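Notes to accompany the following structure.
The values are calculated or read from the model by the stated rules, or taken from the named source; none is laboratory data. It should be emphasised that the depicted structure is a prediction, and the values quoted were computed from it without experimental measurement. Reconstructed Cβ throughout: ideal geometry from the backbone, glycine too, with neighbour counts over all protein chains shown.
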Amino acid sequence: MKLHPGEMGAAKILRKLRELLPKESVVTTEVGQHQMWASLFYDVIQPGTFFSSTGLGTMGWGFPASIGAKVARPDVPVVDIAGDGSFSMTENSLATAVLEDIPVIVFILNNSTLGMVAQWQRTFYDRRMVGVDQGGCPDYVKLAESYGAQGIRAQSMDELDKAIKSALSSDVATVIDIPIDPEEDVLPFVAPGTSLSDMILPS
Amino acid sequence: METMTGAKALMTAMEKEGVKQVFGLPGGANLPMYDEFARCDIRHILVRHEQSAAHMADGFGRVSRKAGVCFATSGPGATNILTGLATAQADSAPMIAVTGQVPVAMIGRDAFQESDIIGMANPVVKYAFQPRLPEEVPEAVKKGFYIAQTGRPGPVLLDIPKDVQQNEAPMDFPDEFKIQGYHPWNDPDIASVQKAIDMLLNSEKPIILAGGGTIISSAFAELQAIAETLMLPVVTTFKGKGAFPENHPLSLGPIGMHGHAEANKMMTEADCVLAIGTRFSDRSVGTFEAFEKRLKIIHMDVDPAEIGKNQTTSVAVVGDVRASLRIMVKLLLQRSVKKLKILFGLNTLEKLKHIGKKI
């Protein structure tokens, strides 16, 4: 199992987000690999500013929840740390964000895969990959623009830096699409039905 | 008493609860409520799918700690919010979902867009009401908000038949009400907190595990006071992530399936844990048997049903965790100064006194 070795690994991307977001910002997440990377690499500085569907694990929760959070706290930046799979489930809430003037930021770690399922298939099912490929569909920049939101693709740390700054100063909702390696695993990993001492660490 | 429709009574009662906005989507069976938006100050935020309205209300509720409100029509509108209700229930988020229902006389006749949403939602809500008369609406709203926001928070469903929305009745908006059998708050038992302190002080490698309940009750200052005073490392569940500043020297981050390696390691090496507002989810603790082996567990939780559910508890403190932690800080202050000096040094004691004054 591996971590992404290059520039656009999940850890670097989320640490960049942390560096640029004011500490009082509210973060929600979707459900999947990006959620666990957020748990590992996005440090919450101000208590009570991080929310996720932790119990039921509802994909598609984070984006509408971020809209609700922004209505409650219009004075702070609100970011949905998302994956492409989860965001697809409630992406039509972009209409609400744009028309109701609720400028949240959707931060998509896009591996064009149902990444957590893919990780389990790589780990427990001998790499038989079934039903996980999202085929690069849709184009999230165009999708955002079609709703009247801002869409930005960030393919380097430099572009990511600019994209986050642009989103933070934007009056409309912004979708930042960040293509990442579909083979990157979330580690450490305590497999289901095992104890915390049986943790799988990066090789 | 003013005479008005059930729909108007609904909006009036919600205004009295301080509701400023509703996330929702209209349909045939909730049109009388929607008509009221034209005549009141509550903002309506239109969604494209009812599931999202529920999640928006949930997100609003978690951040503001006041129940968010979502509206959906009967039938498919109502079934579309089920995932949102279950999500809020699983994460103890305060929320009010108001669904339209077919008229009372049509219930049970497989009417157009009829669904038994009360039956479907019951396992995934904290409570569900279906007023059958317009004059029952104000009290249902009042009780709904009270249940959603007190004790362990959760989603409450109000399913209102269309004729109940349309018909007029003299309305009484009660300030006082009784809910039989519902006791959301328990005063923490001081003797149990004393026992918890003894157990922590007499263990070799104590640790704090902060769960989502710490965030729900805003026990941030109290948690930090205890951790810094006793110099205890703090791990969290995933839901408790951010209960404690993650840049703090005592913070080790979340434990669990994808927890921080150092947090999981420290957790497995501990001999005593102060577990605050957590249900010991399998996702956080791994196998239940391995987790509780050789571990003394002090469990603070607002919900007595959580005590002993997933883990064997050595000391249980039932009550709002913020109140329980405050008692713990106060009791630590009253402890023999001499003993605390030896254990933790004078500086930490001074700090404790300072913190004790603040909270």
Open item on the list: Out of everything in the stretch B:281-299 that is touching a residue at least 40 places away in the same chain (Cβ under 8 Å) and away from chain A (no Cβ under 12 Å), what residue ends up being farthest from B:Asp187 (Cα to Cα)?
Closed with: B:Lys296
Task: Whichever residue in the stretch A:74-87 is over 12 Å from the mean Cα position of the chain (by Cα) and under 21 Å from A:Ala38 (Cα atoms) and, among such residues, is farthest from the other protein chains (Cβ to nearest Cβ) - done: A:Pro77
Task: Residues of the stretch B:141-166 satisfying the condition of being assigned to a helix (DSSP H, G or I) and either more than 15 Å from B:Thr5 (Cβ to Cβ) or free of Cβ contacts under 8 Å to residues at least 24 places away in the same chain (or both) - done: B:Lys142, B:Lys143, B:Gly144, B:Phe145, B:Tyr146, B:Ile147, B:Ala148, B:Gln149
- [ ] Just name the residue that is nearest to the other protein chains (Cβ to nearest Cβ) out of those in the stretch A:17-41 that are aliphatic (A, V, I, L, M) and over 21 Å from A:Val117 (Cβ atoms).
- [x] A:Val26
TODO: Take B:Lys162 and decide whether it is closer than 24 Å to B:Arg326 by Cβ, over 25 Å from the mean Cα position of the chain (by Cα), surrounded by 15 or more Cβ atoms within 10 Å (Cβ to Cβ) and charged (D, E, K, R).
DONE: no
Open item on the list: Given (1) within 14 Å of chain B (Cβ to nearest Cβ); (2) among the hydrophobic types (A, V, I, L, M, F, W, C); (3) more than 30 Å from B:Leu25 (Cβ to Cβ); (4) surrounded by fewer than 23 Cβ atoms within 10 Å (Cβ to Cβ), identify the lone condition not met by A:Val130.
Closed with: (1)
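Each row is one residue, and each column tells you yes or no for (1) closer than 24 Å to B:Glu17 by Cα; (2) of a type in the set (A, V, I, L, M); (3) assigned by TED's automatic domain parsing to the domain that holds B:Gln166; (4) modelled with pLDDT under 95.
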| residue | (1), (2), (3), (4) |
| --- | --- |
| B:Thr73 | yes, no, yes, no |
| B:Thr83 | no, no, yes, no |
| B:Ala86 | yes, yes, yes, no |
| B:Ala105 | no, yes, yes, no |
| B:Gly119 | no, no, yes, no |
| B:Val137 | yes, yes, yes, no |
| B:Ala140 | yes, yes, yes, no |
| B:Tyr146 | yes, no, yes, no |
| B:Gly151 | yes, no, yes, no |
TODO: Would you check which residues across the stretch B:96-127 are surrounded by fewer than 22 Cβ atoms within 10 Å (Cβ to Cβ) and among the small types (Gly, Ala, Ser) and list them?
DONE: B:Ala105, B:Gly108, B:Ala111, B:Ser115, B:Gly119
- [ ] Mind counting the residues in the stretch B:59-80 that are under 11 Å from B:Ile96 (Cβ atoms) and either surrounded by 24 or more Cβ atoms within 10 Å (Cβ to Cβ) or of a type in the set (A, V, I, L, M, F, W, C) (or both)?
- [x] 7
Open item on the list: For the stretch B:314-330, which positions are of a type in the set (D, E, K, R) and touching a helix residue (DSSP H, G or I) at 6+ places or on another chain (Cβ under 8 Å)?
Closed with: B:Arg322, B:Arg326, B:Lys330
Task: Number of positions in the stretch B:260-279 that are assigned to a loop (DSSP other than H, G, I, E, B) and facing chain A (nearest Cβ under 7 Å) - done: 1
Open item on the list: For the stretch B:26-52, which positions are among the small types (Gly, Ala, Ser) and within 20 Å of B:Asn122 (Cβ to Cβ)?
Closed with: B:Ala29
Task: Meets criteria (within 11 Å of chain A (Cβ to nearest Cβ), part of a helix (DSSP H, G or I) and touching a residue at least 40 places away in the same chain (Cβ under 8 Å)) for B:Gly77 - done: no
TODO: Looking only at the stretch B:119-128, decide whether some residue is farther than 24 Å from B:Arg62 by Cα and free of Cβ contacts under 8 Å to residues at least 24 places away in the same chain.
DONE: yes
Open item on the list: touching a residue at least 24 places away in the same chain (Cβ under 8 Å), charged (D, E, K, R) and buried (at least 24 other Cβ atoms within 10 Å of the Cβ): which single residue out of A:Lys16, A:Lys70 fits that description?
Closed with: A:Lys70
- [ ] State all residues of the stretch B:26-48 that are part of a loop (DSSP other than H, G, I, E, B) and buried (at least 22 other Cβ atoms within 10 Å of the Cβ); if no residue qualifies, say none.
- [x] B:Val47
Task: Scope the stretch B:242-259; condition facing chain A (nearest Cβ under 8 Å), farther than 21 Å from B:Phe288 by Cβ and of a type outside the set (A, V, I, L, M); matching residues - done: B:Gly242, B:Phe244, B:Pro245, B:Glu246, B:Asn247, B:Gly253
Open item on the list: Can you go through B:Ile208, B:Ile226, B:Ile298 and tell me which one is crowded, with 22+ Cβ neighbours inside 10 Å, out of contact with any Pro (no Cβ under 6 Å at 6 or more places or on another chain), part of a helix (DSSP H, G or I) and of a type outside the set (D, E, K, R)?
Closed with: B:Ile226
- [ ] Would you mention how many residues in the stretch A:4-13 are surrounded by 14 or more Cβ atoms within 10 Å (Cβ to Cβ) and not hydrophobic (A, V, I, L, M, F, W, C)?
- [x] 3
Task: Number of the condition not met by B:His183 [criteria: (1) under 30 Å from B:Tyr146 (Cβ atoms); (2) within 21 Å of the chain's Cα centre (by Cα); (3) buried (at least 16 other Cβ atoms within 10 Å of the Cβ)] - done: (3)
TODO: State all residues of the stretch A:42-61 that are in contact with a Ser or Thr (Cβ under 6 Å, 6 or more places away or on another chain) and within 8 Å of another protein chain (Cβ to nearest Cβ); if no residue qualifies, say none.
DONE: A:Phe51, A:Ser52, A:Ser53, A:Leu56, A:Thr58, A:Gly60, A:Trp61
Task: Some residue of the stretch A:58-75 being in contact with a Lys or Arg (Cβ under 7 Å, 6 or more places away or on another chain) and farther than 17 Å from B:Val63 by Cα - done: no
